[in-house]
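> One structure, as structure tokens, below. Some questions next.
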Amino acid sequence: MNQMLRSHTYDHHDNSSNGTHRTSQVEMILESIVATVGEADRLAIAQVLNQMTVKPAILASLYRAFLDHPDAVSIGAPPLVGRLVMALREAGIAIGEPTCVGCGRTNHKLTSSQEGGVCGNCRHRQLATTCVSCGKIKIVHGRDPNGGALCSLCSPRKND
């Protein structure tokens, strides 16, 4: 079965000189996803991966994401993994919709964080720091000439 899956699913990747490397990258991603959603969906997952990883840059980005976070499909981040999760869902694979751990919203591009996938607004809040001008902990809106964080009230306005 595994040999059949390999020959059926990855043939077009093996036409290049890096075919073996590409195949190992796809297999690593496949194994990470199967560990999360289960063995029963292996063929469908492989087909979705095969469709999504035609471009080497996409495969490389997914590979890096899964190297950093083997459970990336349960996080739904970075955005390319979110697209993969949506493609898996469209293929009928039972996997949760990417959801921001900060606010619970769906249908947003998520960024990986220590807590999980977060939307842009929640990520800005996570990265909030002390404003060097007013001393309040706020979302960074700009920087002073020395690189210090400035909030939206203290940051110089454009067109002033």
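> Under a GNM of the chain (C-alpha, springs under 10 Å), which listed residue has the highest mean-square fluctuation: Glu97, Glu27, Glu39?
So, out of Glu97, Glu27, Glu39, the one fluctuating most is Glu39.
> Using the alpha-carbon atoms, what tilt in degrees (0 to 90, nearest 10) does helix 42-52 show relative to the longest principal axis of the chain?
The two axes meet at around 60 degrees.
> Then there is this: Pick from Asp144, Asp68, Asp41 the residue whose mean-square fluctuation is largest in a GNM of the chain, springs joining Cα atoms under 10 Å.
Asp144
> What angle do you read, to the nearest 10 degrees and between 0 and 90, between the alpha-carbon axis of helix 56-68 and the longest principal axis of the chain?
70 degrees
> Moving on. Give me Cys119, Cys154 sorted ascending by neighbouring Cβ count inside 10 Å, so fewest comes first.
Cys154, Cys119
> Most fluctuating residue of Thr23, Thr129, Thr53 in a GNM of the chain with Cα springs under 10 Å: which is it?
Checking each option, the largest mean-square fluctuation is seen for Thr129.
> Please identify the trypsin sites (Lys or Arg not before Pro) of region 112-145 that satisfy two criteria: DSSP loop assignment and at most 12 other Cβ atoms within 10 Å. Which are they?
Listed in order of number, the matching sites are Lys136.
> Of Ile93, Ser155, Cys103, whose Cα points farthest to the positive end of the dipole of region 83-160 (charges on the beta-carbon: +1 Lys, Arg; -1 Asp, Glu; origin at the Cα centre)?
Ser155
> Next up: Treating only the Cβ atoms of Lys and Arg (+1) and Asp and Glu (-1) as charged, compute the dipole magnitude of the chain about its Cα centre; round to the nearest 20 debye.
Computed about the Cα centre, the dipole is about 840 debye.
> Next question, about the same structure. Let me know the charge dipole size of region 29-113 about its Cα centre in debye, to the nearest 20, where only the beta-carbon of Lys, Arg (+1) and Asp, Glu (-1) is charged.
Dipole about the Cα centre, nearest 20: 320 debye.
> Still on this structure, I have one more. Between His21, Gly116, Gln47, whose Cα lies farthest towards the positive end of the dipole of the chain when Lys and Arg beta carbons carry +1 and Asp and Glu beta carbons carry -1, centred on the Cα centre?
Gly116
> Hey, what number do you get for the chain at 222 nm if only DSSP H runs of n ≥ 4 count, each worth -39500 (n - 2.57), divided across all residues, to the nearest 500?
-14000 deg cm²/dmol
> Next question, about the same structure. Taking loop as defined by DSSP and a crowding limit of 14 other beta carbons within 10 Å, which trypsin sites (Lys or Arg not before Pro) in region 14-113 fit?
When the trypsin sites (Lys or Arg not before Pro) of region 14-113 are filtered for loop state and at most 14 Cβ neighbours within 10 Å, Arg105 remain.
Readers should treat all values here as calculations from the given coordinates under stated rules, not as data from a laboratory. Since this is a predicted model, take the numbers as computed values, not measurements. Quick reminder, even Gly has a Cβ in these numbers, built from the backbone with ideal geometry, and neighbours come from all protein chains shown.
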